[in-house]
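> Can you read through this structure? Questions will come right after.
The values are calculated or read from the model by the stated rules, or taken from the named source; none is laboratory data. The model shown is predicted, which means the values in this text are computed figures rather than measured ones. Positions of Cβ are backbone-derived with ideal geometry, glycine not excepted, and every protein chain shown enters the neighbour counts.
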Amino acid sequence: MGKQVEPVRLTAWVRGRVQGVGFRWWARSRALELGLAGAATNLDDGRVEVVAEGPGADCERLLEHLRGGGTPGRVDSVVERWSVPGGSFDGFIER
């Protein structure tokens, strides 16, 4: 029934060659284009964790970008979890 505007939190764990290739910067750029708040963080195991909060449809769009093939490096898999937004983000940061 139209665009999903309820705010949600998307947490996506991206596995592949995604560290040291500009992936977090790229993910931040896509998120900001969509008006989302959150963070992209390098994890010790080589994955990047992307947390984004905003309208559900925009978070879905970001997830499509993460899985899309136009990313820097190489994405092997993306595991996502949907939850209630915490509202703790101001803008979108790289960590």
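> Condition first: in contact with a His (Cβ under 9 Å, 6 or more places away or on another chain) and aromatic (F, W, Y). Now tell me which residues in the range 46-95 satisfy that. I'd like the intermediate steps shown before the answer.
Step one: list which residues in the range 46-95 are in contact with a His (Cβ under 9 Å, 6 or more places away or on another chain), which gives 71.
None - no residue of the range 46-95 is in contact with a His (Cβ under 9 Å, 6 or more places away or on another chain) and aromatic (F, W, Y), so the list stays empty.
> For the range 42-62, does any single residue satisfy the condition of being touching a helix residue (DSSP H, G or I) at 6+ places or on another chain (Cβ under 6 Å), among the basic types (K, R) and without any contact (Cβ under 8 Å) to a residue 60 or more places away in the chain? Outline the logic, then answer.
Of the residues in the range 42-62, the ones touching a helix residue (DSSP H, G or I) at 6+ places or on another chain (Cβ under 6 Å) are 48, 50, 52, 62.
Still in the list and also among the basic types (K, R): none.
No; the residues of the range 42-62 include none that is touching a helix residue (DSSP H, G or I) at 6+ places or on another chain (Cβ under 6 Å), among the basic types (K, R) and without any contact (Cβ under 8 Å) to a residue 60 or more places away in the chain.
> For A57, work out the one condition from (1) farther than 16 Å from V5 by Cβ; (2) surrounded by fewer than 17 Cβ atoms within 10 Å (Cβ to Cβ) it doesn't fulfil.
All conditions are met except number (1).
> Going through R95, R61, R47, R74 one at a time, which residue ends up being touching a strand residue (DSSP E or B) at 6+ places or on another chain (Cβ under 8 Å) and more than 12 Å from R15 (Cβ to Cβ)?
Details: R61 fails: touching a strand residue (DSSP E or B) at 6+ places or on another chain (Cβ under 8 Å); R47 fails: more than 12 Å from R15 (Cβ to Cβ); R74 fails: more than 12 Å from R15 (Cβ to Cβ).
Testing whether each residue is touching a strand residue (DSSP E or B) at 6+ places or on another chain (Cβ under 8 Å) and more than 12 Å from R15 (Cβ to Cβ) leaves just R95.
> From the set of residues in the range 17-26 that are in contact with a strand residue (DSSP E or B) (Cβ under 6 Å, 6 or more places away or on another chain) and over 9 Å from E94 (Cα atoms), which is surrounded by the most Cβ atoms within 10 Å (Cβ to Cβ)? If you could, list the steps in order and put the result at the bottom.
Taking the range 17-26 first, the residues in contact with a strand residue (DSSP E or B) (Cβ under 6 Å, 6 or more places away or on another chain) are 17-19, 23-24.
Keeping just the survivors that are over 9 Å from E94 (Cα atoms) gives 17-19, 23.
On the way: R17: 14, V18: 27, Q19: 15, F23: 24.
Per the criteria, the residue is V18.
> Filter the range 27-40 for residues that are touching a residue at least 24 places away in the same chain (Cβ under 8 Å) and more than 10 Å from the chain's Cα centre (by Cα) and give the result. Break it down stepwise before answering.
Start the filter on the range 27-40 by keeping residues that are touching a residue at least 24 places away in the same chain (Cβ under 8 Å), which leaves 27-28, 30-32, 34, 36-40.
Selection gives L32, L34.
> Another question about this same structure. Does G86 satisfy the criteria of being in contact (Cβ under 8 Å) with a residue 24 or more places away in the chain, farther than 17 Å from G16 by Cα and under 13 Å from the mean Cα position of the chain (by Cα)? Quick ask: steps written out before the conclusion?
Numbers: in contact (Cβ under 8 Å) with a residue 24 or more places away in the chain: yes; farther than 17 Å from G16 by Cα: yes; under 13 Å from the mean Cα position of the chain (by Cα): no.
For G86, the condition - in contact (Cβ under 8 Å) with a residue 24 or more places away in the chain, farther than 17 Å from G16 by Cα and under 13 Å from the mean Cα position of the chain (by Cα) - is not met.
> Now, a different point. So L34 fits all but one of (1) surrounded by fewer than 22 Cβ atoms within 10 Å (Cβ to Cβ); (2) more than 16 Å from I93 (Cα to Cα); what number is the exception?
Unmet condition: (2).
> Find the strands (runs of 3 or more DSSP E) located wholly in the chain whose residues include 3 or more that are at pLDDT 95 or above, and list them. Working first, answer last.
Values: elements: 7-17, 37-42, 48-55, 74-83, 92-94.
In the chain, the matching strands (runs of 3 or more DSSP E) lie at 7-17, 37-42, 48-55, 74-83.
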